[in-house]
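The values are calculated or read from the model by the stated rules, or taken from the named source; none is laboratory data. Bear in mind the structure is a predicted one, so any value in this text is a computation, not a measurement. Here the Cβ is made from the backbone with ideal geometry for all residues, glycine too, and neighbour counts use every protein chain on show. Surface areas here come from the heavy atoms of the whole protein model, side chains and all, with no ligands, DNA or RNA. Shrake-Rupley method; radii C 1.70, N 1.55, O 1.52, S 1.80 Å.
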Amino acid sequence: MKKPELLSPAGDLERLKIALTYGADAVYLGGTLFNLRANANNLTKEELKEGVEFAHNLNKKVYVTVNIAMHNKELNKIKQYLIELDKIGVDAIIITDPAIIPIAKKYTNLNLHLSTQTSTLNKEAIEFWKSQGIERVVLARECSKEDILDIKKSIDIELEVFIHGAMCASYSGRCVLSNFLTGRDANRGGCSQICRWDFDLYDGEEHLEGEKPFTFCTKDLSMAKYLKDLIETGADSFKIEGRMRSAYYIATIVRTYRKMIDEYFENKETYEYNPKYEQVLRRVANRDNIPQFFDGNYSKDVQYYNGRQETTNQDFLAQVLEYDENTKIAKLEQRNYFKKGDKVEIFGPKDEYTFTITEIYDEDMNPIDIVRHPKQIIYIKLPFKVAKDYMMKIC
Ligand code: SF4
């Protein structure tokens, strides 16, 4: 059985490098045009070139989302953009609009992946897309295990499935609630997440005082518990959601799934789901997560009904910028408050250490007790070796 690709979001060049360093086999990202995350720091042409070179040097891949549904006026710009992506050497583009297929086939050698925005759930639809030249289908998040198994055994095509992250209350993001209520176009990456808002309840004209506000907010997806089952469906690529997520989130999620996938392939017969991974994943989540449609147990527990339930997470304390092996001093950038005497953990792609902070220095190497300023540069002496982009968190 082939090891599935672990595919991470990359909202910018920094997160691209972190995702690949922490164990992703490939990343997906938006370029400057035609993609669904208008608010992510989408990569410029130069950054994209650097990112592709970085990935290819590690024998890893970069996919670019070109996944908006296009209006007529956009059609004349797409050809040049695709030619540019092809020249840069991206490994595939992720598309929704079938108008892109003939243009990409005529003018480029780009591989074509079909976005989850097409809500593709069945083998007949996949046969159709394959006949049009699609090499990989990103299945709709609403597929069950049986759907995936059936498709995989019926058609020879690469399947990509979501394993972690936020869900939409609509079919894989086909939703214009945001357009109607706030004028922000969800199909241009501007979704204002209306489904997670609180709505007061009315009975006709009468406001139901005392009733909790209603929300459509779905819980998040996590396939940690069902990872073995998912691997055994033969799905080719496991995708993490979240091009707007932080570097710390990406490092944590990628590293955790990397470990779980590798553990399964080290010994398939004895592999057992280890709940400690679920705990790690939950620490960076701001909502409960469940396997959603995969196990077929779609029930009333898949969403919140009363008010927003998100929690903010302040576990992430600092990111390592440099480490001097001679002095054993690390330069870090602050993310959340911490102080001398705190017990903390530092982790990298494969290792982690716990220790109590005994010395902190400011940028001018003056000793300090507390680190309270966002993005403050500080120095800490460490009793072990770290490297750039190691993460420090609450223990
Ligand atoms: S409003 Fe909610 S359901 Fe609609 S696109 Fe945005 S996140 Fe998805």
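Taking the centroid of alpha carbons for each part, the stretch 223-300 and the stretch 114-175 are 18 Å apart. For the chain, the solvent-accessible area of protein heavy atoms averages 48 Å² per residue (probe radius 1.4 Å; ligands and nucleic acids excluded).
Loop-only GluC sites (Glu not before Pro) in the stretch 141-210, please: DSSP not H, G, I, E or B, and at most 10 other Cβ atoms within 10 Å. Can you show the working numbers first?
Details: sites: Glu142, Glu146, Glu158, Glu160, Glu205, Glu206, Glu209; in loops: Glu142, Glu205, Glu209.
Within the stretch 141-210, the qualifying GluC sites (Glu not before Pro) (loop, at most 10 other Cβ atoms within 10 Å) are Glu205, Glu209.
The candidates Tyr107, Tyr361, Tyr390, arranged from most to least accessible area with a 1.4 Å probe in the full protein assembly, appear as Tyr107, Tyr361, Tyr390. Taking amide H as placed 1.01 Å from N in the peptide plane, the amide H of Phe338 sits under 5 Å from that of Val371, each at least 5 places away or on another chain. Both radii were evaluated on the Cα set of the chain; the Rg over Rh quotient, with Rh as the Kirkwood radius, amounts to 0.99. In the elastic network of the chain, a GNM with C-alpha springs shorter than 10 Å, the most mobile of Lys152, Lys239, Lys73 is Lys73. In order along the stretch 153-161, the Karplus-derived 3J(HN,Hα) couplings, from 6.51 cos²θ - 1.76 cosθ + 1.60 at θ = phi - 60°, round to 7, 8, 9, 8, 8, 6, 10, 10, 10 Hz, and Gly and Pro are given as x. Electrostatic tally near Glu359: other residues with Cβ closer than 13 Å to its Cβ, Lys and Arg +1, Asp and Glu -1, net +1. Other residues within the sphere of radius under 11 Å centred on the Cβ of Glu232, judged by their own Cβ, net out at +3 (K and R +1, D and E -1). Mind running the shape call on the stretch 316-394? Use the C-alpha gyration tensor, a ≥ b ≥ c as the square roots of the eigenvalues: rounded below 1.5 for a/c, prolate if a/b tops b/c, oblate otherwise. Rounded shape, in that the Cα axes give a/c under 1.5.
Across the accessible surface of the chain, with the other protein chains kept in place and a 1.4 Å probe, carbon and sulfur atoms take up 48 percent. Using the Karplus relation 6.51 cos²θ - 1.76 cosθ + 1.60 with θ = phi - 60°, the per-residue 3J(HN,Hα) values for the stretch 340-357 come to 4, x, 6, 8, 10, 10, 10, 10, x, x, 10, 10, 8, 9, 10, 6, 9, 6 Hz, with x marking Gly and Pro. Computed per residue of the chain from DSSP H runs no shorter than four, each worth -39500 (n - 2.57), the mean residue ellipticity at 222 nm is -8000 deg cm²/dmol. Put simply, the amide H of Glu158, placed in the peptide plane, has neighbours under 5 Å in Val137, leaving out anything fewer than 5 places away on its chain. Per-residue accessible area (protein heavy atoms, 1.4 Å probe) orders Cys217, Cys175 as Cys175, Cys217, starting from the largest. At a Förster distance of 35 Å, what's the computed FRET efficiency of Lys328 paired with Asn286, Cβ-Cβ distance as r, to 0.05? With R0 = 35 Å, the Cβ-Cβ based efficiency is 0.50.
For the set Lys123/Lys228; Lys340/Lys385; Lys339/Lys385; Lys2/Lys393, the pairs lying more than 25 angstrom apart at their alpha carbons are Lys2/Lys393.
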